[in-house]
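The values are calculated or read from the model by the stated rules, or taken from the named source; none is laboratory data. Nothing here was measured: the structure is a model prediction, and the numbers come from that model. Using ideal geometry, Cβ is built from the backbone for each residue, glycine included, and neighbour counts are taken over all protein chains shown.
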Amino acid sequence: MSMLNYLLKRIIQIIPVLIIVSILIFFMIRLIPGDPALIRLGDKATPQMVENLRREMGLDKPIIVQYVIFMKNLLKLDLGDSLHYHVPIVDLLKKRMVVTLFLTAVTFIFSVVISFPLGFLSGIKENKIQDQIVRTAALIALSMPQFWVGLILMILFAVSINLFPVGGWGETWAQHLRAIILPAFTQSLMTAALLTRNLRNSVVDILKMDYVNFARSKGLDNKIVKSRYIIKNAMIFYITLISMRVAYMLGGSIIIETVFSLPGVGSLMISSIYTRDYAVIQGIVLIFALLVMSINILTDLAYTYLDPRVRLE
Amino acid sequence: MKIKLSLLLVFVLILSVFSVVSAEVQIAQQIKIGRIQDSYDLDPATTTNNANLWMFSLIVEGLVKGSNDGTSIEPALAESWDISEDGLVYTFHLKPGVKFSDGTPVTGEDWVWSILRARDTEGEFTFTAEVIEDVTAPDDNTLIIKLKEPWALFMADLAMFNLTVQKKSYFEEIGQEAYTKRPIGTGPYMIKEWEMGEYILFAKNPYYHIASLPKTEEIKFIAVPDDNTRLLQLEAGQLDIATDVPFNKLQEIDSNPKLTAMGMPSAYTYYLFFNHTRKPYDSQKVRLALDYGTDKQALVNFILFGKGEVATSFRPKSSLFYNASLKDRGYDVEKAKALLAEAGYPNGFETDFIVRSGNSVYQQVAVLLKEQWSKMGVNMNVVALESGLGFQKYRALDYDVLVGPFSDDMPDPSQQCEYYFIPENAKCASTAWAVPERAIELTQQGKREMDMAKREQIYLELQQIYYDEVPMMPLFHLPYAVAMSNDIEGFAQNPLGSYRFEELVKNIK
């Protein structure tokens, strides 16, 4: 099956999944007690005012009708207006998506840059001192809660010495870059630890394989053995894990963005849950679902490059 | 040689002049303030919630304003006024030459439109304008307001943010939705940029009617929801001022040589809300017993670190007509137990105390009260709920007891009395209290009694009734906890919460 056909087929498969996700999120958040209109108006509101606002928000209609309206707008690529801010959700998300995607991308880079050499080294030097050190460090990194690590890093590198800003996003791209380092590093620790272990185990297994010995016995340069045989084979599991972790990174942005005060989608999600802004919550969940599924497709495509035994079906 | 020497002297003179000039302290162009939450609706006629309300003193002005200590009314855009004999006609003489922040002059039509809009738009603060019958502007410097009946607190009503002057043609041009994001007024600042959920950037109003004010070019209010991050940003100099400082951090911050932390006097009070539809809270004796069995001073000492005061009356201490004769009942466990026995609960009772998330003071109150109340046999279960859910239950009268705040928005007792004594208004702060007829009468009278001495009697009596009945238990008055860099001067916030930033500056060397 050609690459294009495969791509088309996978893209079409996204649609039923998105529909199911939309149904789940739409009905589930409305099950949570808490009235967005009441929360918006506060404790001095009269019952009449709350009723009026509910009508304005479209919340007085039966739930199925609300769902149909939502889906109709979605087909027009209209996510609707935020119940809390009264602005189109796409306007709210424009800048915030940039922040979160940038955070996720830099986290991704840090995770790979940290885990790749360490995992490889650890695997090659199985059970030697380098391996022990790396594995212990990975365990420590896995056990530390992100919000605590973030806070400590801010105190050390932002308050005591002014190397990085204390949270915030900054105004120029130079400032954005400086601002994203600590949050991305904090978020990358867990993923880097998992990837390091994963790569280490793959390398250890591959080194035991007969084709590696065979390649060496043929007299091939060690560099070629490394790149063509060991790394390429280790990549399959590595990439699987990375693509799963990206989904975690998107979700984890909620914590990191709150601790570091980054104006991204995660912090918007948290505040929208508190204000019961159904429209924003639905919109963000659907976008994240779309992103995660796209990454899955890319991962599957990458497999075909790495392992010729895998065919696109 | 002589010429060189004189040149040298001249040179030295010029240098010294420069050094004198540059020794003058300069001020920062922008001041950054961190707060817990961003605003979301800045239309003065429709909005609610302190995150929105406290911004208005920067951008809009009315005929009068509350004084900086929150106890009296001062002229704002009205220089003077006359009230007719029958108390029905108020004539205001306006300051001439006032312009909106876009440079256009304020007209009589703008005044009339703004006031009628406040009256005719449904919102939480519409009550301030309900008594207005008609508004006319015979010329741009005179405004005549006719009332439906004599109204004792009309001047306090006029100090409210919804009765400020705004530009009619601008509103008609951009429409309601856009207006909530970008209102314009005559205040010292105007909104330059607003990234929703992130920050609001206020810039100096170039047409402000007091030429030397405001002193600082830009003020940026940044939303930093995490307490720790906000305080770290203040320490690192990323923020100049941080509000909503947790009380347990005030001491620590103040000991930092570069920072100052203070409690600004406020009209903010915390209460225990009792649900009168649930036993035993329908019994006055039980509520009285709980008052005796609560050591409020301990709450102030442990939670507020002493930066607060025990509340006796339900009104704040510095407020108009405060009843100073009411004595704090103190802490008397034996008396509490005796009262409980009289009420039919000799062995105490069991109850659920709802604590809403997101506020560490609520949690601490619950923990301390659980221990205190156990001494009189009241077994309290602390039920921690997410804030939206807790709020829902509270309004639906699905709770036993919980802790919550109230703060005045106007310098007059009638707002709180309206809310606490009149059953139609959300069942007396969602307590379902069976209000004595006398209290309802007094509340209605208080709004209309024009004689100040008689008016005072009314509110003194209302406070006495509240004190005797204990429908809710006032716990303590607490200040606004603010921390700022030592370079900041001129920070002013009146007890009702509105910021007075005309003189706010940050000195830089």
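For B:PHE302, the criteria (1) out of contact with any Pro (no Cβ under 9 Å at 6 or more places or on another chain); (2) under 19 Å from B:LEU368 (Cα atoms); (3) in a loop (DSSP other than H, G, I, E, B) hold in every case but one, which is (3).
Counting only helices (runs of 4 or more DSSP H) wholly contained in region A:1-59, the ones carrying 2 or more residues that are over 28 Å from the mean Cα position of the chain (by Cα) and of a type in the set (D, E, K, R) occupy A:47-56. Is at least one residue of region B:405-417 within 12 Å of chain A (Cβ to nearest Cβ), without any contact (Cβ under 8 Å) to a residue 40 or more places away in the chain and under 24 Å from A:THR275 (Cα atoms)? No, region B:405-417 contains no residue that is within 12 Å of chain A (Cβ to nearest Cβ), without any contact (Cβ under 8 Å) to a residue 40 or more places away in the chain and under 24 Å from A:THR275 (Cα atoms).
If the condition is being in contact (Cβ under 8 Å) with a residue 24 or more places away in the chain, outside any loop (DSSP other than H, G, I, E, B) and touching a strand residue (DSSP E or B) at 6+ places or on another chain (Cβ under 6 Å), then region B:105-132 contributes B:PRO105, B:GLY108, B:TRP111, B:VAL112, B:ILE115. The conditions of being surrounded by fewer than 22 Cβ atoms within 10 Å (Cβ to Cβ) and not assigned by TED's automatic domain parsing to the domain that holds B:ALA492 are met by B:VAL135. Taken over region B:235-292, the criterion of being polar (S, T, N, Q), closer than 25 Å to B:TRP373 by Cα and within 14 Å of chain A (Cβ to nearest Cβ) is satisfied by B:THR269 alone. Looking only at region A:108-163, residues that are within 14 Å of chain B (Cβ to nearest Cβ) and either at positive phi or in contact with an Asp or Glu (Cβ under 7 Å, 6 or more places away or on another chain) (or both) come to 1 in all. Checking each residue in region A:13-32 for being under 13 Å from A:TYR278 (Cβ atoms) and either facing chain B (nearest Cβ under 8 Å) or not basic (Lys, Arg) (or both) picks out A:SER22, A:ILE25, A:PHE26, A:PHE27, A:MET28, A:ILE29, A:LEU31, A:ILE32.
The condition of being within 11 Å of chain B (Cβ to nearest Cβ), in contact (Cβ under 8 Å) with a residue 12 or more places away in the chain and surrounded by 22 or more Cβ atoms within 10 Å (Cβ to Cβ) holds for A:SER272. The residues listed here are B:ALA203, B:ALA211; of these, the one that is in a loop (DSSP other than H, G, I, E, B) and small (Gly, Ala, Ser) is B:ALA211.
Taking A:LEU153, is it in a helix (DSSP H, G or I), free of Cβ contacts under 8 Å to residues at least 40 places away in the same chain and surrounded by fewer than 23 Cβ atoms within 10 Å (Cβ to Cβ)? When the stated conditions are applied, A:LEU153 passes them. Tell me yes or no: at least one residue of region B:164-180 is aliphatic (A, V, I, L, M) and in contact (Cβ under 8 Å) with a residue 40 or more places away in the chain. Checked against the condition, which is being aliphatic (A, V, I, L, M) and in contact (Cβ under 8 Å) with a residue 40 or more places away in the chain, region B:164-180 yields at least one hit. For A:HIS84, the conditions (1) part of a loop (DSSP other than H, G, I, E, B); (2) more than 13 Å from chain B (Cβ to nearest Cβ); (3) closer than 23 Å to A:SER253 by Cα all hold with the exception of (2). Taking the criterion of being within 14 Å of chain A (Cβ to nearest Cβ), out of contact with any Phe, Trp or Tyr (no Cβ under 9 Å at 6 or more places or on another chain) and not β-branched (Val, Ile, Thr), the residues of region B:208-227 that qualify are B:PRO225, B:ASP227. Inclusion of B:GLU503 among residues that are at pLDDT below 95 and either farther than 29 Å from B:GLN297 by Cα or in contact with a Leu (Cβ under 9 Å, 6 or more places away or on another chain) (or both) is warranted. The set of residues from region B:250-285 being of a type in the set (Val, Ile, Thr) and surrounded by fewer than 23 Cβ atoms within 10 Å (Cβ to Cβ) comprises B:ILE253, B:THR260, B:THR277. Determine if region B:373-386 includes at least one residue that is more than 30 Å from B:LEU320 (Cα to Cα), part of a helix (DSSP H, G or I) and in contact with a strand residue (DSSP E or B) (Cβ under 9 Å, 6 or more places away or on another chain). For region B:373-386, residues more than 30 Å from B:LEU320 (Cα to Cα), part of a helix (DSSP H, G or I) and in contact with a strand residue (DSSP E or B) (Cβ under 9 Å, 6 or more places away or on another chain): present.
Taking the conditions exactly as written (more than 14 Å from chain B (Cβ to nearest Cβ) and among the aliphatic types (A, V, I, L, M)), does A:ILE39 satisfy them or not? Against the criterion (more than 14 Å from chain B (Cβ to nearest Cβ) and among the aliphatic types (A, V, I, L, M)), A:ILE39 does not qualify. B:ASN507 meets each of the listed conditions (1) buried (at least 19 other Cβ atoms within 10 Å of the Cβ); (2) assigned to a strand (DSSP E or B) apart from (1).
For region B:181-200, how many residues meet the condition of being outside any strand (DSSP E or B) and either acidic (Asp, Glu) or over 13 Å from B:PHE56 (Cα atoms) (or both)? Residues flagged as outside any strand (DSSP E or B) and either acidic (Asp, Glu) or over 13 Å from B:PHE56 (Cα atoms) (or both) within region B:181-200 amount to 3. When A:LEU7 is tested against the conditions (1) within 30 Å of B:VAL403 (Cα to Cα); (2) surrounded by 12 or more Cβ atoms within 10 Å (Cβ to Cβ), the lone failure is (1). The set of residues in region A:84-108 being out of contact with any Leu (no Cβ under 8 Å at 6 or more places or on another chain) and touching a residue at least 12 places away in the same chain (Cβ under 8 Å) consists of A:HIS84, A:LYS95, A:MET97, A:PHE102, A:VAL106, A:THR107, A:PHE108.
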